[in-house]
Amino acid sequence: MNIISIIEEAVVQGVQTLYGIETSVDKVAISNTRKEFVGDYTVVVFPFTKLARKNPVQVGEELGTYLVEQVEWITEYNVIKGFLNLVVSDLYWQDFLLEMVNDDQYGYQEPTGKKVMVEFSSPNTNKPLHLGHIRNILLGWSSAKILEAAGNEVVKVQIVNDRGIAICKSMLAWQKFGDGATPESTNLKSDHFVGKYYVLFETKFKAEYAAWQETDSGKAIYEAEAKEGQDTSTFFKAYKNTYFNQFSPLGKEAKAMLVAWEAEDKAVRALWEKMNSWVYEGFGTTYDRLGVSFDKLYYESETYLLGKDTIEQGLKEDVFYQKEDNSVWIDLTDVKLDQKLVLRSDGTAVYMTQDIGTAELRYRDFGVDKMVYVVADEQNYHFQVLFEIMKKLKAPYADGLFHLSYGMVDLPTGKMKSREGTVVDADDLMEEVIGEARKNSVERGTFEDMSQAEQDEITRKIGLAALKFFIIKVHPKKRMTFNPKDSVDMQGQTGPYVQNAYVRIRSVLRKAGDTLTDIAGDYKKLAQQEKSLVLQLFDFPAVIRTAAAELDPASVANYCYNLAKGYHKFYTDLSILNAETAEAKAFRIQLSKAVAQTLKTGMELLGIEMPEKM
C-alpha cells in the first residue's frame, strides 16, 4: 500500500478513535506539503473541527501525535493553522525507490476494462498538414498514449474531409492551370503540390473578383446594396461569398464540379481519386515523421450521408420535429442551446447529420465507452449540440462523449491563413526546428567524432522533441504562439532541456559501469535533494491518472520538466561517482537510473524520443 493510502486510512481511524467521528478516506484531503514548510504531505483538518468541537490547531496536534504513534513511516509532524504537515521516514522512500527502479512499467495502471476512441488530425485533402494540424495531432496522440497508460484500451481514428467545395477548388485549379503537371514532374511533395493549386484558385478568384468590382455590374450591385456612406472596400469584403455563389465564373465551375462529384460523374471522380491519392501519400510521409499512426480511417465521402436513418427514427420518437418546408430540426432550448437544423428541406444532410451517423458507425465498429474529439475551440458550439442530441437519442455512449477543445496556434508574425498561403506547413516546420537543433549542436561542439548518420539522428530527435514539447506543454484550452528558436533553448522549459537531463544520466551510468548497487539499501539518511527527487518519482502514477482523467497532456510535459530540473539540481549539488561513501554512491546511481527511466516513459507518452547523446 502506498504512503498516501496509509495516511488516509490512519486519519480515518484517528478521527474515530480521538473524537468518535465516523468518516471515509474520500473525505480526507491530502496534498504535497508546500516548499516553505517542513513535511512531505499535508492533511487538511478543518472538516473535523466542528464535530470534534475543538479549534484547528488542537485537532492538528492531537491527530499528528496519533499518526506518529500509530504509523511506523510517519516520523514527525507540525501544524500550521488548520494544516497538519507530516514527515515520512527516509526508510519508506528508500524502500520505494529500490522497488520501483526495477519496474520498467512504473507509472502504468492496471487495466480498467474501458475502451476509448480518440479522433484527431482529420485534415482536408486540399492542402498539406500545417502548424494548426500539428497541435491537433500532438494533443490527440499524447492523449491516446496517456489514456493507454491509465489502463484503457484505446482506438485512434481520424475522419478525412475528402469532399466538398474546398476540395473542388484545388481540383478545378489543377484542371484549368496545371497543364498536366504532377508531383514528380515538379519535384514537389505530393500534398504540397495539391495545396499549391488550392492557393492558386484563391489567387485567380481574387483577381477575378477585383476585376468584377470595376465593371458596371459590380458598381451597380454596390450602389443598390451598400449602406449609405459605407466604404467600397468594406462592402466588397463582406460581399465576397455572395459574389462567389451568384456571379463568379470560377465559383460556378467549382460548384458544378461538386454537383458532378455527388452525381458520381466518372471523369470528376477519377480526377478526385488521383489528386486525393497524391495528398494521402504526402500525409503518410508527414505522419511517419511525426511518429503517429491510426487504427482506422473514416472518409467524409463515405460518411456524409450517414445519420439520415437515425434522424428519421428520431422523428418518429419526437426527438426531432419537421417544419412546413420539410426541414428537420431539434429544440435544445431546455439545455440553453437553440433550435438546430439536422436535415435541409430538400432532404440533404448537414455536418451535424454526418456526425450523428459517424458516431453511430464508430460505436458499431468498436463498442467504445468513450469518444474523444480533438477539435479546435472554434467548434465548441457544434460539439455541445452534437452531444446533447446524442443524449436525447439515448445513445448508450452519450455520457462518454468528450470534446478536447484547444486554442489556435499563432506564429510570432501573426495568424495563419490557408487560402492565402500564409500557413507554415508541418513539413517545413519540422525542417526548421531540426535546423535550429543542428545549429545549436554545432555551436556546442556536440558532433565531434560522430558520423553524419549519428548527427542526423540526434538532431532529428532533438528537433522533434523541441517542436512537440513546446506545443504540448501549453494547456490545450490556451491559445499559443509557437517560436521555433525558443523551442530549442537548452536552458528553458523545453524538450531539449528534458532530454539533456536524460543524456546526463546515461553518461553517469556509462561511467559507473559495474559499480555494485546492492548496498544502496544501506544508505540510511537522504539528502534533501535526494528526497525531493524520490517524492517526484512517487507522484508519477498520480500524474498519469490525472492527465488521463482531465485529458491534459500538458501536465505530463510539465512533470517531466520539473523532474529534469530537480535532477539537474541534484547533479550540481551532490557528487554521484565520487560520493562520500560507497552506499551513497550506490543509492545515487539507483536514483539516477529511476529518474532516467521515468523521464523516458513520460516523454514517450508525449511521442518524444530520448537520445543517448546530444
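The values are calculated or read from the model by the stated rules, or taken from the named source; none is laboratory data. Please read these numbers as outputs of a predicted model, since none were measured by experiment. Ideal geometry is used to build each Cβ from the backbone, glycine not excepted, and the neighbour counts take in all protein chains shown. The protein model used for the area step is the full one, side chains on, heavy atoms only, and it has no ligands, DNA or RNA in it. Shrake-Rupley method; radii C 1.70, N 1.55, O 1.52, S 1.80 Å.
Helical runs assigned H by DSSP (4 residues or longer) give the chain a calculated mean residue ellipticity at 222 nm of -18000 deg cm²/dmol, each run adding -39500 (n - 2.57) before division by the residue total.
Using a probe radius of 1.4 angstrom, the carbon and sulfur fraction of the accessible surface of the chain is 48%. Within the shell defined by Cβ-Cβ distances under 12 Å, the residues around Tyr92 carry a net charge of -4, with Lys and Arg each +1 and Asp and Glu each -1.
Once the C-beta distance of Thr348 and Lys485 is scaled by a Förster radius of 41 Å, the resulting FRET efficiency is 0.25 to the nearest 0.05. Our note on the geometry: Cα centres of the range 87-155 and the range 502-576, 19 Å apart. Remark: the chain carries 47 Å² of accessible area per residue (probe radius 1.4 Å; ligands, DNA and RNA excluded). The charge dipole of the range 209-301, taken about its Cα centre with unit charges on the Cβ of Lys, Arg, Asp and Glu (plus for the first two, minus for the last two), comes to roughly 140 debye.
The length gained by stretching the chain between Phe46 and Lys252 to full extension, at 0.36 nm per residue less their Cα-Cα distance, is 67.1 nm.
So, in Å, what gap is there between the alpha-carbon centers of the range 6-84 and the range 214-265? Answer, in whole Å: 71.
Restricting the range 306-336 to GluC sites (Glu not before Pro) that sit in a DSSP loop and have at most 11 other Cβ atoms within 10 Å of their own Cβ leaves Glu317, Glu324. Taking Cα centre as origin and charging only the Cβ of basic (Lys, Arg, +1) and acidic (Asp, Glu, -1) residues, the dipole magnitude of the range 467-614 rounds to 340 debye.
Note on Met603: accessible area is roughly 0 Å² with a 1.4 Å probe, heavy atoms of protein only.
Along the axis of the charge dipole computed for the chain (Cβ charges of +1 for Lys and Arg, -1 for Asp and Glu, origin at the Cα centre), the listed residues Gln105, Gly314, Ile462 are led at the positive end by Ile462. When Glu530, Glu612 are compared by accessible area at a 1.4 angstrom probe, the order from most to least is Glu612, Glu530.
When each full DSSP H helix of the chain is screened for a Cα extent of at least 24 Å along its own axis and an average Kyte-Doolittle hydropathy of at least -1.0, the helices passing are 131-149, 190-213, 266-290, 426-444, 452-472, 495-512, 528-550, 553-573, 582-604.
In the chain, a dipole from Cβ-located charges (positive for Lys and Arg, negative for Asp and Glu) runs towards its positive end, and of Val424, Met1, Gly400 it is Val424 whose Cα lies farthest in that direction.
Charge dipole of the range 372-497 (Cα centre as origin; +1 on each Lys and Arg Cβ, -1 on each Asp and Glu Cβ, all else neutral): 840 debye, rounded to the nearest 20.
Counting 0.36 nm for each residue step from Thr232 to Glu457 and taking away their Cα separation leaves a gain of 75.5 nm. Considering the range 456-547, its Cα convex hull presents a mean projected area of 9.0 nm².
The length gained on full extension between Glu61 and Leu509, counted as 0.36 nm times the residue separation minus their Cα-Cα distance, comes to 156.8 nm. Other residues with beta-carbon under 15 Å from the beta-carbon of Asp325 carry, at +1 per Lys or Arg and -1 per Asp or Glu, a net charge of 0. Measuring from a point 7 Å past the Cα of Gln339 along Cα-to-C-beta, which residues in the range 390-406 have an amide N at less than 20 Å? Residues passing the 20 Å test: 390, 392-393.
Taking chymotrypsin sites (Phe, Trp or Tyr not before Pro) across the range 167-234, none is in a DSSP loop with at most 11 further Cβ atoms lying within 10 angstrom of its Cβ. Look at the dipole of the range 109-158 built from charges on Cβ: of His133, Ser143, Val118, the Cα furthest out on the positive end belongs to His133. Spin-label model, Lys316 to Lys565: label points 7 Å out along the Cα-to-beta-carbon direction sit 6.1 nm apart. Separation of the range 453-482 and the range 378-410, taken as the distance between their Cα centroids, equals 29 angstrom.
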